[in-house]
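Okay, so here's the structure we're looking at.
The values are calculated or read from the model by the stated rules, or taken from the named source; none is laboratory data. From a predicted model like this one, the values you see are computed outputs, not experimental measurements. Cβ placement follows ideal geometry from the backbone for every residue including glycine, while neighbour counts extend to all protein chains displayed. All accessible areas refer to the heavy atoms of the entire protein, side chains included, with ligands and DNA or RNA removed. Shrake-Rupley method; radii C 1.70, N 1.55, O 1.52, S 1.80 Å.
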Amino acid sequence: MNDIILETHGLTKEFRGFVAVNNVSLRVQRGHIHALIGPNGAGKTTCFNLLTKFLSPTRGRIAFNGIDITGDKPAQIARRGIIRSFQISAVFPHLTVLENVRIGLQRQTGMSFHFWKSEKILNRLNDRARDLLEQVDLGSFADVVTASLPYGRKRALEIATTLAMEPEVMLLDEPTQGMGHEDVDRVTQLIKQVSAGRTILMVEHNMGVVSKIADTITVLARGAVLAEGPYSEVSRNQAVMEAYMGTTEGELQGAHA
């Protein structure tokens with residue numbers, strides 16, 4: 001029997017009569033990379049906001065490790081181990097890369113944002129922070145001021161700060177958006193690398209990315225699930241091709257809808 005870590009049942013969100021998410025039931029398997037894709041306006045980001053409780057569902061429920069978390073607040077969701085990348089991203093551009101990751105570690109150890117802590121105490125976190133930076137190929141950037149990082153490296157830093165929270169499930173919201181080809185390849189490999197022993201649910205426009213690393217793909221269109229399965233099946237689904245504005249299968253593989 002599949003080990004389902006995150007599950008939704010009939011998840012629905014309406015905004016003054018507009019149905020943004022319509023009866024979505026997801027089953028995310030533990031240890032897998034699960035991609036949520038679809039054309040613009042399909043409801044992907046709204047789904048993420050529902051899962052992290054930045055929005056409350058109109059109907060439906062959410063379960064994590066078999067526990068109903070529909071009524072949880074965002075902070076409770078994070079404490080359970082469901083961490084969305086932007087929640088703890090590098091929001092301090094004038095701090096160094098190492099200092100940003102250390103802030104994520106402070107949150108995990110209960111010293112959250114205690115900037116008045118002595119340097120000696122904070123330095124105890126440096127070894128762990130450097131280990132995390134090595135995992136995302138940022139070891140040589142530890143002392144660089146974050147604002148000066150190239151865009152792709154900043155996204156890698158977001159992943160490092162997410163890892164600092166020791167997530168059970170990482171929610172990555174369009175991790176390769178706005179990147180050049182080289183950065184896309186680097187971050188794609190990075191996501192695959194850090195997925196070992198973790199579960200990742202990601203919203204991603206780039207079909208080339210999900211074809212390489214996703215175990216399961218759920219396609220949303222107009223707020224509802226249009227198709228689900230491995231890339232080999234989803235990419236040949238006629239309804240999916242039509243949802244991507246009538247593309248052929250070959251075009252779909254590189255689509256940035």
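State which residue pairs qualify: first residue open to solvent by less than 10 Å² (accessible area, probe 1.4 Å) and inside the stretch 47-69, second residue hydroxyl-bearing (S, T, Y) in any location, beta carbons under 7 Å apart, and separation of 6 or more residues or different chains.
Qualifying pairs under 7 Å: I62/T8; I62/T70.
For residues in the stretch 160-177 being under 19 Å from R107 (Cβ atoms) and part of a loop (DSSP other than H, G, I, E, B), which is most open to solvent (accessible area, probe 1.4 Å)?
Ranking the qualifying residues of the stretch 160-177, first place goes to E166.
How many residues does the stretch 178-197 contain that are within 12 Å of the chain's Cα centre (by Cα) and open to solvent by 10 Å² or more (accessible area, probe 1.4 Å)?
1
Only one residue in N40, N22 is under 18 Å from V203 (Cβ atoms) and in contact with a Gly (Cβ under 7 Å, 6 or more places away or on another chain). Which one?
Values: N40 fails: in contact with a Gly (Cβ under 7 Å, 6 or more places away or on another chain).
Being under 18 Å from V203 (Cβ atoms) and in contact with a Gly (Cβ under 7 Å, 6 or more places away or on another chain) holds for just one of N40, N22, which is N22.
Having 3 or more residues that are touching a residue at least 24 places away in the same chain (Cβ under 8 Å) and among the aliphatic types (A, V, I, L, M) is the bar; report the strands (runs of 3 or more DSSP E) wholly within the stretch 1-44 that clear it. Talk me through it step by step, then tell me what you get.
Values: elements: 4-15, 18-24, 27-29, 33-37.
The strands (runs of 3 or more DSSP E) meeting that bar are 4-15, 18-24, 33-37.
Do you know which of the residues in the stretch 139-159 that are in contact with a helix residue (DSSP H, G or I) (Cβ under 6 Å, 6 or more places away or on another chain) and in a loop (DSSP other than H, G, I, E, B) is most open to solvent (accessible area, probe 1.4 Å)?
V144
Let's see how each residue does on (1) out of contact with any strand residue (DSSP E or B) (no Cβ under 9 Å at 6 or more places or on another chain); (2) modelled with pLDDT under 90; (3) loosely packed, with under 14 Cβ neighbours inside 10 Å:
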site: T199; (1), (2), (3): no, no, no
site: M207; (1), (2), (3): no, yes, no
site: V219; (1), (2), (3): no, no, no
site: G223; (1), (2), (3): no, no, no
site: S235; (1), (2), (3): no, yes, no
site: Q238; (1), (2), (3): yes, yes, yes
site: M241; (1), (2), (3): yes, yes, no
site: M245; (1), (2), (3): yes, yes, yes
site: E251; (1), (2), (3): yes, yes, yes
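Regarding the stretch 7-20, can at least one residue be identified that is buried (at least 18 other Cβ atoms within 10 Å of the Cβ), in contact with an Asp or Glu (Cβ under 6 Å, 6 or more places away or on another chain) and modelled with pLDDT of 95 or more?
No: the stretch 7-20 contains no residue that is buried (at least 18 other Cβ atoms within 10 Å of the Cβ), in contact with an Asp or Glu (Cβ under 6 Å, 6 or more places away or on another chain) and modelled with pLDDT of 95 or more.
When the residues of the stretch 97-132 are filtered to those that are modelled with pLDDT of 65 or more and assigned to a loop (DSSP other than H, G, I, E, B), which remaining residue is most open to solvent (accessible area, probe 1.4 Å)?
R124
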